[in-house]
Amino acid sequence: MPQHNPIRGRFAPTPSGKMHIGNAMTALLGWLQIRSEQGEFILRIEDIDQQRSRPELAQGIVHDLKWLGLDWDEGPDRGGPHSPYNQAERHALYKEALSKLNAADLLYPCYCSRADITAAASAPHGIASEGRRYPGTCRYLAQAEIKHRERIKKPSLRFKVPDETITFTDGIAGEQSHRPAEGGDFVVRRADGIISYQLAVVVDDALMGITHVLRGMDLLDSTPRQLLLYQALGYHPPQFVHTPLIADAEGKRLAKRSRGLSLSFLRGQGIIPERIVGWIAWAAGLIDRPELVTPSDLVPHYHIASIPRTVIRLTEEARQLLLEPDNNPL
Ligand code: GLU
C-alpha cells in the first residue's frame, strides 16, 4: 500500500515582540492551510538572534496561539521527532550546513563593515528586505589578504549568489521571477557568529520535513535566496504562500511593537478570541462578515483563492468591528 505522507506546515515566530493581529492572521491561515488537508502543523521559535529574542515573549506567543484556539503536533512545548524546536538550540545543524556550503566553495569571508558597504560608490538599493546591495568587495580577496585581515577582524560569511533568474509559483502572489544577484552575495553567518535567518530557516524547514511554507508577504523577496540555498544544500524546496500584511489606515505596516493591536492588549480589553478569529477570517476573505468563530469552525472555509493579494488596510470601520464589541452586532 502506498504510504500516506501528510503535508507539513509551520508557524515560525521570532520572539522579539508581542504577537499582534497581523502575526495572528499568519498563524491562523497557516494552521487552516494544514488542517484543511489533515496535515501536521509545527511550531518553531526563531530565537536565533539571542540579542533580539526574549524567552518571556516566546512564552507569550505560545500562550496567545493557544488562547486563539490553535494547536500544533510538534513544538518546543511538546517535543517531536525533529527536536529541538527552538533555533537557539540547533546550532550544530547550521554549522553542518555551513561546512557543506564551504566544501562546495560557495562561501567566502567578508570583512566589510556596514559603513564600508554604504560608502561603496556603486552600491545601489538591493532587495528590500536585505538592505543595500553588497557590491562583492571581499569575493575575490587573495589568500594573503584574507590571512592579513583575519588577524584584525572577525569576518562574516557570505554566500556566492549566482547570476541566475529564480522562478517559483507563490500560492497567492502567483508566478514569480527574481534575480537574487540584485541584492549581492548575502550573509549566512554574521561576524558575531549568529547564523542568518536565510540559512537557519532553510535548514530547519528542510530537516523538519516542511512541505508548505505560509508566511507574511514581507518575506516574498527572501524566497529566491532561500531557493538558492535549497539547491546548494541538495534539499527539496517546499511550496510557498505569502499572505497579505495588515497596515494601518495610512497604509503603514503594523510593526511588531504596535501596542494597540497586540493580542494581550485585545485580551485586556475583554475581547474574546472568537471575535478576533472571526475578524481575521473576514479580513482575509474567508467569511462574508465578522462572526464569532473558532479556528476549527473555519476549516471548511479555507480557500486560498479568497485571500486578498494586497495589503489589508485597517480602516476605522474595520478597527471598530474589532475593538468596540458594544457598537456592532458581532
Ligand atoms: N521568523 C520570521 C518572523 O517572525 C518568520 C520566518 C518564516 O516564516 O520564514 O517574521
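The values are calculated or read from the model by the stated rules, or taken from the named source; none is laboratory data. Remember, it's a predicted structure, so these values are computed and weren't measured experimentally. No Cβ is skipped: glycine too gets one built from the backbone with ideal geometry, and neighbour counts run over all protein chains shown. Keep in mind that these areas ignore ligands, DNA and RNA; they rest on the heavy atoms of the full protein, side chains included. Shrake-Rupley method; radii C 1.70, N 1.55, O 1.52, S 1.80 Å.
The single condition among (1) within 16 Å of the ligand (Cβ to nearest atom); (2) exposed (fewer than 14 other Cβ atoms within 10 Å of the Cβ) that GLN176 does not satisfy is (2). Of the set (1) closer than 18 Å to ASP49 by Cβ; (2) near the ligand (Cβ under 10 Å from one of its atoms), all apply to HIS242 but (1).
For the range 312-330, filtering for residues that are assigned to a loop (DSSP other than H, G, I, E, B), surrounded by 12 or more Cβ atoms within 10 Å (Cβ to Cβ) and at pLDDT 85 or above leaves 1.
Considering the range 42-59, the residues that are open to solvent by less than 10 Å² (accessible area, probe 1.4 Å) and of a type in the set (A, V, I, L, M, F, W, C) include one that is nearest to the ligand (Cβ to nearest atom), namely ILE45. Within the range 192-203, residues that are under 10 Å from ALA97 (Cα atoms) have Cβ atoms under 8 Å from residues that are β-branched (Val, Ile, Thr) and open to solvent by 20 Å² or more (accessible area, probe 1.4 Å) in these pairs: ALA200/ILE48, counting only partners at least 6 apart in sequence or on another chain. Restricted to strands (runs of 3 or more DSSP E) entirely inside the range 127-178, those with at least 1 residues that are among the hydrophobic types (A, V, I, L, M, F, W, C) are 156-159, 166-170.
If you go through the range 180-228 and pick out every residue that is assigned to a strand (DSSP E or B) and either away from the ligand (no atom under 12 Å from the Cβ) or open to solvent by 20 Å² or more (accessible area, probe 1.4 Å) (or both), you end up with 6. Screening GLY17 against (1) closer than 23 Å to LEU220 by Cα; (2) assigned to a helix (DSSP H, G or I) leaves a single unmet condition, (2).
Inspect all residues belonging to the range 70-78 and state whether any of them is crowded, with 18+ Cβ neighbours inside 10 Å, out of contact with any strand residue (DSSP E or B) (no Cβ under 6 Å at 6 or more places or on another chain) and modelled with pLDDT of 95 or more. Checked the range 70-78: at least one residue is crowded, with 18+ Cβ neighbours inside 10 Å, out of contact with any strand residue (DSSP E or B) (no Cβ under 6 Å at 6 or more places or on another chain) and modelled with pLDDT of 95 or more.
Residue pairs whose Cβ atoms lie under 8 Å apart, sitting 6 or more positions apart in sequence or on different chains, and linking a residue in the range 135-156 that is touching a residue at least 12 places away in the same chain (Cβ under 8 Å) to a partner that is loosely packed, with under 12 Cβ neighbours inside 10 Å and acidic (Asp, Glu), are LYS154/ASP192. Would you call THR294 touching a Pro at 6+ places or on another chain (Cβ under 7 Å), more than 16 Å from the ligand (Cβ to nearest atom), open to solvent by 20 Å² or more (accessible area, probe 1.4 Å) and at pLDDT 90 or above? Taking the combined requirement at face value, the residue does not satisfy it. Scan the range 157-168 for residues that are without any contact (Cβ under 8 Å) to a residue 40 or more places away in the chain and within 21 Å of the chain's Cα centre (by Cα) and the total you get is 1. Within the range 17-32, the set of residues being within 11 Å of the ligand (Cβ to nearest atom), touching a Leu at 6+ places or on another chain (Cβ under 8 Å) and open to solvent by 10 Å² or more (accessible area, probe 1.4 Å) comprises GLY22, THR26.
Every condition in (1) under 16 Å from ILE21 (Cα atoms); (2) not in a helix (DSSP H, G or I) holds for ARG309 except the one numbered (1).
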